[in-house]
Amino acid sequence: MSAFEQEVAAELSWLLRAGGPPRAVRLTVREMVVGQLERGRLSPHDVSDAVESAVRAACRLARELDAGDELVDVVCRAALEAVRGQGGLTARWLDEATRAAGAALEEDARAGPAGRGWHPLTARLPRW
């Protein structure tokens with residue numbers, strides 16, 4: 001687990017326990033991903049890694065806190081919106097970031113408990 005994934009998980013855990021609405025989750029994730037992208041020079045791997053870490057944190061919390069699919073859906077969309085909103089080279093890497101989000105969802109579905117899957121969410125990932 002990366003340091004960024006731990007940060008996202010801690011922040012989302014706090015928000016969920018405080019009863020934060022989905023909008024608060026969305027804004028928090030977008031802000032955190034943008035903050036991560038603003039650190040130094042970026043490569044496509046850095047962008048994909050930030051999105052993948054946020055999605056992994058959401059999947060883990062959805063299982064641990066029984067938060068449901070909505071959390072994962074909101075986090076996926078917010079992380080990808082952050083990449084798209086950056087513009088420039090970062091936005092060019094949106095397709096790679098979307099694939100990384102889908103891969104994180106599929107990996108978690110394979111590793112998670114039987115019957116839990118994110119396949120419907122993977123199919124609904126935004127395609128800009």
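The values are calculated or read from the model by the stated rules, or taken from the named source; none is laboratory data. What you see is a predicted model, and the numbers here were worked out from it, not measured in a lab. Every residue, glycine as well, gets a Cβ built from its backbone with ideal geometry; the counts of neighbours run over all protein chains shown.
What to note about this one:
- Output for segment 75-90, where each listed residue is closer than 16 Å to His45 by Cβ and in contact with a Lys or Arg (Cβ under 8 Å, 6 or more places away or on another chain): Ala79
- Hey, Ser2 within 24 Å of Ala111 (Cα to Cα), modelled with pLDDT under 95 and among the hydroxyl-bearing types (Ser, Thr, Tyr) or not: yes
- Screening segment 79-103 for residues that are among the aliphatic types (A, V, I, L, M) and modelled with pLDDT of 90 or more and picking the one that is surrounded by the most Cβ atoms within 10 Å (Cβ to Cβ) gives Ala79.
- Close pairs from segment 1-22: first over 9 Å from Ser53 (Cβ atoms), partner of a type in the set (Asp, Glu), Cβ under 8 Å, at least 6 apart: Pro22/Glu70
- Scope segment 46-64; condition acidic (Asp, Glu) and over 16 Å from Val83 (Cβ atoms); matching residues: Glu64
- Summed over segment 95-110, residues that are touching a Cys at 6+ places or on another chain (Cβ under 9 Å) and more than 13 Å from Arg77 (Cα to Cα) total 4.
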